[in-house]
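Taken together, the values in this text are just the output of simple stated rules run on the coordinates, not laboratory data. Note that the structure is predicted; figures quoted are calculated from it, not measured. Reconstructed Cβ throughout: ideal geometry from the backbone, glycine too, with neighbour counts over all protein chains shown.
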Amino acid sequence: NAGVMQNPRHLVRRRGQEARLRCSPMKGHSHVYWYRQLPEEGLKFMVYLQKENIIDESGMPKERFSAEFPKEGPSILRIQQVVRGDSAAYFCASSPLDRGASPLHFGNGTRLTVT
Amino acid sequence: GIQVEQSPPDLILQEGANSTLRCNFSDSVNNLQWFHQNPWGQLINLFYIPSGTKQNGRLSATTVATERYSLLYISSSQTTDSGVYFCAARSYNTDKLIFGTGTRLQVFP
């Protein structure tokens with residue numbers, strides 16, 4: 001039973017490029033969450049998605065960041081025109097349908113470095 | 001929204017010592033989790049414990065939901081226990097799991 005899979009593990013982008021981070025939830029899980037961890041800080045909520053729906057994006061920066069969770073395929077966190085301040089670890093988590101009474105399972109993260 | 005506070009922020013131990021990490025939260029919760037982030041950055045799920053007590057080897061956790069706190073106990077600490085321990089909680093009126101700022105543990109031989 002594979003866990004939450006994130007790829008790539010490490011991503012290097014130059015300023016102005018686009019970064020695309022992928023997350024495949026655990027089998028049977030239909031809820032996906034994205035978190036960002038800046039160096040030496042805790043994890044901050046970014047967005048919560050269900051299949052084809054964004055439920056809560058209150059933690060997403062207003063510009064350059066977007067997320068989707070299509071009917072088929074992984075969830076994608078997209079960062080356009082990256083800047084050095086976007087360098088961070090991005091974690092994805094998933095939970096099953098009855099999210100209120102179940103834990104979130106986290107992937108190993110994608111470490112984005114912007115040069 | 002819910003506030004999650006952890007103490008102490010830093011903890012230095014010698015191998016073999018015991019420790020208690022605390023997590024206070026500001027609202028009733030339907031989810032409380034403890035994580036260990038190892039020096040390689042991996043986030044390891046230790047406990048899902050919105051209430052009650054659980055044990056897993058040298059680690060145990062207790063959540064007293066009515067008093068809005070949780071404790072993580074580490075006994076006979078080992079150098080591999082080093083890293084940052086996070087508590088995260090979700091209240092009934094939100095979908096977000098909110099993380100505390102963590103306790104950084106260093107265990108020396």
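Pick out, in residue order, every one of the GluC sites (Glu not before Pro) in the stretch A:61-115 that is DSSP loop and has at most 11 other C-beta atoms within 10 Å; say none if there are none.
A:63, A:72
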## Note on the structure
Mean per-residue count of partner chain Cβ within 10 Å for B:63-70 equals 0
### Query
Mind listing which GluC sites (Glu not before Pro) in the stretch A:18-61 are in a DSSP loop and have 11 or fewer other Cβ atoms within 10 Å?
A:18, A:40, A:52
### Query
How crowded by other chains is B:40-48, given as the mean number of beta carbons from other chains within 10 Å of each beta carbon?
4
### Query
Can you give the net charge of the other residues whose Cβ lies under 14 Å from the Cβ of residue A:74, counting K and R as +1 and D and E as -1?
+3
## Note on the structure
Note, residue B:60: beta-carbon cut-off 15 Å, +1 each Lys/Arg, -1 each Asp/Glu, net +2
### Query
Along the Cα-to-Cβ line of residue B:106, 7 Å from the Cα, sits a label point; which residues in the stretch B:12-35 have backbone N less than 14 Å from it?
B:12-15
### Summary
Listed residues A:13, A:22, A:36; largest mean-square fluctuation, Gaussian network over chain A with Cα springs below 10 Å, found at A:13
### Query
Can you pull the mean other chain C-beta count within 10 Å for peptide A:106-112?
3
